[in-house]
1. Hey, among Ile100, Ile71, which residue is farther than 20 Å from Gly255 by Cα and either at pLDDT 85 or above or under 22 Å from the mean Cα position of the chain (by Cα) (or both)?
2. With the requirement that a residue be in a helix (DSSP H, G or I) and in contact with a helix residue (DSSP H, G or I) (Cβ under 9 Å, 6 or more places away or on another chain), what does the range 171-193 give you?
3. Can Val168 be described as at pLDDT below 90, under 30 Å from Thr32 (Cβ atoms), touching a helix residue (DSSP H, G or I) at 6+ places or on another chain (Cβ under 8 Å) and β-branched (Val, Ile, Thr)?
4. Can you report the number of residues in the range 405-445 which are of a type in the set (A, V, I, L, M, F, W, C) and either exposed (fewer than 14 other Cβ atoms within 10 Å of the Cβ) or under 27 Å from the mean Cα position of the chain (by Cα) (or both)?
5. So, in the range 95-116, of the ones that are part of a loop (DSSP other than H, G, I, E, B) and of a type in the set (A, V, I, L, M, F, W, C), which residue ends up nearest to ligand 1 (Cβ to nearest atom)?
6. Over 20 Å from the mean Cα position of the chain (by Cα), assigned by TED's automatic domain parsing to the domain that holds Leu210, surrounded by 13 or more Cβ atoms within 10 Å (Cβ to Cβ) and within 16 Å of ligand 1 (Cβ to nearest atom), is that true of Val162?
7. Among the residues of the range 76-131, which ones are among the charged types (D, E, K, R), more than 10 Å from ligand 2 (Cβ to nearest atom) and open to solvent by 10 Å² or more (accessible area, probe 1.4 Å)?
8. Consider Ser6 carefully, then state whether it is at pLDDT below 80, open to solvent by less than 50 Å² (accessible area, probe 1.4 Å) and among the hydroxyl-bearing types (Ser, Thr, Tyr).
Amino acid sequence: MAKVKSAFFCQNCGYETPKWLGKCPSCNEWNTFVEELVQKQVPQVVAFSKSVQTAKPQSLDEIVHQEHQRITLSDSELNRVLGGGLVYGSLILFGGEPGIGKSTLLLQLAVTTPNLKVLYVSGEESDQQIKMRSERIGVTNKKCFILTETSIQNIFKQAEEVQPEVLVIDSIQTLYSSQIESSPGSISQVRECTAQLLRYAKQSNVPVFLIGHITKEGSLAGPKVLEHMVDSVLQFEGDRNHVYRLLRSIKNRFGSTNELGIYEMLGTGLRQVENPSEILITNSDSSLSGISIAATMEGMRSMLIEVQALVSSAAYGTPQRSSTGFDSKRLNMLLAVMEKRCGFKLGAKDVFLNIAGGIKVDDPAIDLAVVAAVLSSNADIPIDKNIALSAEVGLSGEVRPVNRVEQRIYEAEKLGFDKIIISKYNKGIEQKNFKIELVLCSKITEVVKALFT
Ligand code: TYD
Ligand code: MG
């Protein structure tokens with residue numbers, strides 16, 4: 001007979017304790033413990049006993065490498081982020097804030113990949129709502145099956161009948177297993193359902209997508225524990241008020257985590273953006289001050305991004321510094337460097353910085369473009385629209401080299417820029433290899449001369 005007992009679980013990291021605690025000893029969060037009923041089951045070893053008995057240590061050389069079999073999806077951005085397609089039997093956690101477009105992306109995937117039998121399980125929406133969404137997307141697929149169900153046992157029963165090639169669960173927080181008595185969305189339910197889905201994926205070789213919500217703090221709701229269990233963690237991010245969405249891979253057992261997918265949310269679903277630079281640069285004819293173009297890298301992808309700055313006299317005693325899409329501490333540091341090393345008086349000025357398109361950049365190569373945009377706005381002199389910049393700025397005002405500089409230069413060249421300002425210290429860069437003019441600088445003062453005189 002199964003024994004019922006209760007335990008307290010940290011809703012943040014899944015730490016288990018028999019008594020209530022105020023602070024979690026594992027993740028140091030306060031007030032996160034909730035009592036949940038756990039039904040300890042007699043361990044079932046039937047399914048695995050065979051493999052447990054036969055497993056023997058093997059020399060690494062004897063193990064034959066088998067190429068992972070992959071399904072190529074219709075969505076080339078997703079294929080790339082997954083490392084070249086969807087691996088059979090993989091479990092993928094797909095996280096993102098509510099309303100960002102997770103359900104849309106996966107439904108779109110289900111209906112647009114031809115000849116792929118998908119079972120889309122929704123515990124959040126009715127079949128009518130899903131039908132409406134698919135009508136918005138404007139594509140139908142006879143092989144896409146919708147199931148509105150939250151019981152994991154029933155889902156497996158239906159999956160056995162349908163025999164899908166891909167299973168989508170929207171979302172893991174709505175599922176429950178009758179073997180556990182706590183409510184759906186609680187740590188023990190989420191963990192148990194994920195474990196069962198993991199077993200399903202590995203035994204049936206069907207890839208499973210799990211949609212997971214994200215908390216206000218930006219981490220996957222509750223289950224940090226989930227990240228260990230799944231093969232890949234993808235995160236869908238972006239500003240809900242902007243149309244662009246970024247798909248990042250945070251963990252991937254079958255590929256690199258450097259890849260990035262870009263989508264645009266339209267009235268008819270998500271569109272893949274193949275050339276990100278074109279959308280991130282405004283094509284206005286008139287030159288405006290305070291705008292510069294940075295050649296940055298997002299993962300393995302180079303793109304040109306517009307940096308906008310506004311510098312104005314502070315109306316109150318303490319000047320405001322505000323930045324969107326760029327680390328504000330880094331902005332303060334760059335302002336201090338400009339003040340101290342180059343003598344620009346910015347101490348009594350409000351500085352606002354914005355990265356166009358609502359994206360966040362943490363590539364240090366954007367530093368020089370930030371400096372240029374601030375100086376341009378301060379002096380009210382526009383920067384020539386055909387100049388791109390790509391370099392890190394150091395504390396003594398030196399212009400430092402960045403990684404993969406050739407790729408950045410090629411991207412600027414491809415998009416028709418005339419000049420690119422980079423650090424003099426980048427190794428192995430020769431003008432004769434490029435059509436675009438390279439301007440090599442070692443100090444901010446040289447950059448100022450190149451831009452404004
Ligand atoms: P949704 O996929 O429901 O988000 P999530 O599952 O991550 O919570 O998408 C929500 C938003 O997307 C919704 O506010 C409306 C918008 N949307 C479009 O702009 N165009 C479309 O074609 C669709 C289907 C949704
Ligand atoms: Mg949804």
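1. Values: Ile71 fails: farther than 20 Å from Gly255 by Cα.
Exactly one of Ile100, Ile71 is farther than 20 Å from Gly255 by Cα and either at pLDDT 85 or above or under 22 Å from the mean Cα position of the chain (by Cα) (or both), namely Ile100.
2. Keep residues of the range 171-193 that are in a helix (DSSP H, G or I), which gives 172-174, 187-193.
Passing the criteria: Ile172, Gln173, Ile187, Gln189, Val190, Arg191, Glu192, Cys193.
3. Values: at pLDDT below 90: no; under 30 Å from Thr32 (Cβ atoms): yes; touching a helix residue (DSSP H, G or I) at 6+ places or on another chain (Cβ under 8 Å): yes; β-branched (Val, Ile, Thr): yes.
When the stated conditions are applied, Val168 does not pass them.
4. So the first thing to find is which residues in the range 405-445 are of a type in the set (A, V, I, L, M, F, W, C), and the list is 405, 409, 412, 415, 417, 420-422, 429, 434, 436, 438-441, 444.
Cutting the leftovers down to either exposed (fewer than 14 other Cβ atoms within 10 Å of the Cβ) or under 27 Å from the mean Cα position of the chain (by Cα) (or both) gives us 405, 409, 412, 415.
Counting residues in the range 405-445 that are of a type in the set (A, V, I, L, M, F, W, C) and either exposed (fewer than 14 other Cβ atoms within 10 Å of the Cβ) or under 27 Å from the mean Cα position of the chain (by Cα) (or both) gives 4.
5. At the first step, the residues of the range 95-116 found to be part of a loop (DSSP other than H, G, I, E, B) are 97-101, 113-116.
Cutting the leftovers down to of a type in the set (A, V, I, L, M, F, W, C) gives us 100, 116.
Working: Ile100: 4, Leu116: 19 Å.
Checked the range 95-116; the qualifying residue nearest to ligand 1 (Cβ to nearest atom) is Ile100.
6. Details: over 20 Å from the mean Cα position of the chain (by Cα): yes; assigned by TED's automatic domain parsing to the domain that holds Leu210: yes; surrounded by 13 or more Cβ atoms within 10 Å (Cβ to Cβ): yes; within 16 Å of ligand 1 (Cβ to nearest atom): no.
No: the conditions fail for Val162.
7. In the first step, residues of the range 76-131 are kept if they are among the charged types (D, E, K, R); the result is 77, 80, 97, 102, 117, 124-125, 127, 131.
Among the residues that remain, those that are also more than 10 Å from ligand 2 (Cβ to nearest atom) are: 77, 80, 97, 117, 127, 131.
Those that are among the charged types (D, E, K, R), more than 10 Å from ligand 2 (Cβ to nearest atom) and open to solvent by 10 Å² or more (accessible area, probe 1.4 Å): Arg80, Glu97, Lys117, Asp127, Lys131.
8. Details: at pLDDT below 80: no; open to solvent by less than 50 Å² (accessible area, probe 1.4 Å): yes; among the hydroxyl-bearing types (Ser, Thr, Tyr): yes.
In short, no.
The values are calculated or read from the model by the stated rules, or taken from the named source; none is laboratory data. Keep in mind it's a predicted model, so treat the numbers as computed, not measured. All Cβ positions, glycine included, derive from the backbone under ideal geometry; neighbour counts span all protein chains shown. These accessible areas exclude ligands, DNA and RNA; they are computed on the full protein's heavy atoms, side chains included. Shrake-Rupley method; radii C 1.70, N 1.55, O 1.52, S 1.80 Å.
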